[in-house]
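Derivation of every value follows stated rules applied to the coordinates shown; laboratory data play no part. Everything numeric here is computed off the predicted structure, so don't read it as measured data. Here the Cβ is made from the backbone with ideal geometry for all residues, glycine too, and neighbour counts use every protein chain on show.
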Amino acid sequence: MAGRRISTLPGAEGHGQDDGLRQRRSHHHHSTGGPTRVENANIAVIQFQISHSKTDIEQSRVDSDYTQMDRIPREERNYILGIVTKIKATGCNVLLIQKGILIDAVTDLSLHHLAKAKILVIKDVEREEIEFITKTLNCLPIANIEHFREEKLGLANCVEEVLVGDGKIVKMTGIKDMGRTATELVRGSNQLVIDEAERSLHDALCVMLGINDFSLLVEVLQKLRCEGNLEFAEALEVIPYTLAENAGLNPMVILTELRNRHAQGETNAGIKVRKGQITNILGGKFGAATAGYHKFNYTRHQVCEDDLQDRRHYHCE
């Protein structure tokens, strides 16, 4: 499920469907006076910090007069201002910043200068989400300010902050050349409801991903049984059996009905989890069968290799 992400947000329940990307936003930047809506957005995803760098080893510094004390914040301000100027020069007006590990990726001073430059900031983006976000926005992650270029930015018609329940999210719509991804936003009245809904949704997606495998497996099983490879055929039947079991259905009944429907030529028959019955999966969501072919070919190749090694071993003995 590399092209799908599940996000959670506490608050009132609701439902809806839109094109684009949804990203939770920190409340901190809103207090600095930054923009909450940007049209014709140029979006950048960065993995470096916009703050004064620290030394790798512990050190101390002694200042003898007040002019030396004033130089420290002045140098920090000039350093951050230089980074913000380079970012603004590329036309970037929406900035997603990866969460720092040892130190904060941005400071109050950084947010202040970014707000003055009219740049909408989404900070503390988890590292695991960077690949998903860049794929959705059709942009490249930027690891250093020296590599910050206009061609690495993503484009969107509108980026705005909206209130959803008790929290705020940033909605990006009209993304140019948007990647084939989807964000599922799970909402609930409390964290317990959200956790249970997220778990149930994840299980349902796992079941849905394997529905189309059965059409491939039925054809394979028939051929394998004709060739006498009954054990291998029965091993492959574990896949649809497990899928039906995870969906809370009777696996034996579902497996039997699926086999009969596919034998009658209904190759689009699959499991309808909510109704607990076999229906045409073309009427809803379904995945590509490429993964099923790859999994089967890899398994078949591995079994053949093991069988060949066993025969060589017995022949040597």
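Taking packing as the residue-averaged number of other Cβ atoms within 10 angstrom, the listed peptides 135-141, 190-196 run from highest to lowest as 135-141, 190-196. Of the cross-linked pairs LYS123/LYS272; LYS135/LYS272; LYS135/LYS275; LYS168/LYS275; LYS176/LYS275, those separated by over 32 Å at the C-alpha level are LYS123/LYS272; LYS135/LYS275; LYS168/LYS275; LYS176/LYS275.
Compute the FRET efficiency between ASN250 and GLU128 as 1/(1 + (r/R0)^6), taking r as their Cβ-Cβ distance and R0 = 51 Å, and round to the nearest 0.05. Between ASN250 and GLU128 the formula returns 0.90.
Between ASP177 and ASP63, the C-beta separation translates, for a Förster distance of 41 Å, into a calculated FRET efficiency of about 0.20. Once the Cβ-Cβ distance of HIS52 and GLU146 is raised to the sixth power relative to R0 = 30 Å, the FRET efficiency obtained is 0.95.
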